[in-house]
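Here the structure is laid out as structure tokens; the discussion comes afterwards.
Throughout, read-outs are computed from the coordinates displayed, never taken from laboratory work. Quick caveat: nothing in here was measured; it's all calculated off a predicted structure. Ideal geometry is used to build each Cβ from the backbone, glycine not excepted, and the neighbour counts take in all protein chains shown.
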Ligand SMILES: C[S@@+](CC[C@H](N)C(=O)[O-])C[C@H]1O[C@@H](n2cnc3c(N)ncnc32)[C@H](O)[C@@H]1O
């Protein structure tokens with residue numbers, strides 16, 4: 001089986017460099033693992049992209065750390081990135097699942113997959129993944145296209161809109177205004193959303209003020225978009241679903257799933273806070289008359305959310321003209 005071909009965009013800008021990185025990563029994965037389990041390769045590259053070294057020295061340190069680490073240790077580094085992701089974005093737990101799951105299954109990735117993941121991470125670093133600002137390109141779109149065999153990509157109609165075409169289309173439609181909703185019914189890895197966010201930034205507006213709703217029948221593409229949401233800083237009002245936008249009630253399902261995972265995260269945080277209080281009180285749960293911070297006891301509120309904690313969108317429901325339920329989840 002041969003990997004799919006992607007047309008390399010012209011010029012030496014971020015999209016070309018993203019293709020170069022994607023090609024290097026796909027080569028490393030195929031050499032080390034062969035086709036299959038492409039979600040591990042995508043997950044590895046997304047995790048490396050999440051690490052944002054502040055300068056060249058930090059980049060060199062990361063390269064050396066990965067080079068000297070065993071494949072199992074590289075797996076730990078990648079899993080740690082995903083733990084941080086889930087902590088910050090429990091609202092995206094369902095869409096991100098295909099990229100996260102390989103690291104947290106009962107058995108974890110095979111030895112061969114871990115070795116190939118290490119090689120893929122090294123290829124991403126060597127090809128310059130950190131020379132591309134995450135806002136400026138879709139790394140995962142070209143990588144997903146390359147990872148899929150030609151026939152598979154053809155069957156799925158999965159040739160994502162080239163970034164230059166997406167930018168031209170956004171030039172015709174205009175960038176969203178603050179508070180608006182954007183609905184993408186066949187999102188792929190989100191190239192159109194990135195172009196819209198870029199157009200907003202060029203006009204001095206913040207993409208995090210928009211409600212982004214997107215669906216695709218391909219869970220892996222939606223997983224890549226869930227990673228891109230963080231890389232592109234699309235903000236807290238994001239609803240992603242897997243389904244057929246022509247027939248499915250995807251919005252209702254995605255809202256229910258999101259509510260469930262956010263509730264679960266809140267419960268976990270409350271339990272952790274209670275465990276910390278119990279430990280601080282010398283191994284016993286604090287009684288109602290305990291003094292100091294421990295006195296808050298079982299009715300203490302859940303800890304404050306991370307800065308990027310999600311909010312339930314309070315914006316017109318895409319495609320239905322209604323309103324999304326306004327609800328404070330944290
Ligand atoms: C040509 S790609 C375009 C992706 C993206 N909009 C872009 O501009 O890069 C088409 C995407 O639509 C998805 N798709 C096709 N039929 C669909 C349907 N009925 N519902 C949701 N997604 C669909 C495919 O999985 C694929 O990711």
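Under the rule a/c < 1.5 gives rounded, and otherwise a/b versus b/c splits prolate from oblate, where does segment 106-152 land using the Cα gyration tensor?
Verdict is oblate for segment 106-152.
Under the rule a/c < 1.5 gives rounded, and otherwise a/b versus b/c splits prolate from oblate, where does segment 94-133 land using the Cα gyration tensor?
oblate
Return 19, 107, 130 ranked ascending by Cβ neighbour count within 10 Å, so the fewest neighbours appear first.
Ascending Cβ contact count within 10 Å gives the list 107, 130, 19.
Can you tell me how segment 14-155 classifies by the Cα gyration tensor, rounded, prolate or oblate, using a/c under 1.5 as the rounded cut?
Cα axes put segment 14-155 in the rounded bin.
So for 196, 246, 140, fewest C-beta neighbours within 10 Å to most, what's the order?
246, 196, 140
Relative contact order for segment 14-155: what percent, with Cα pairs under 8 Å and sequence separation of 6 or more?
54
Test of understanding: ordering 118, 126 by Cβ neighbours within 10 Å, fewest first, what list do you get?
Listing 118, 126 from fewest to most nearby Cβ atoms yields 126, 118.
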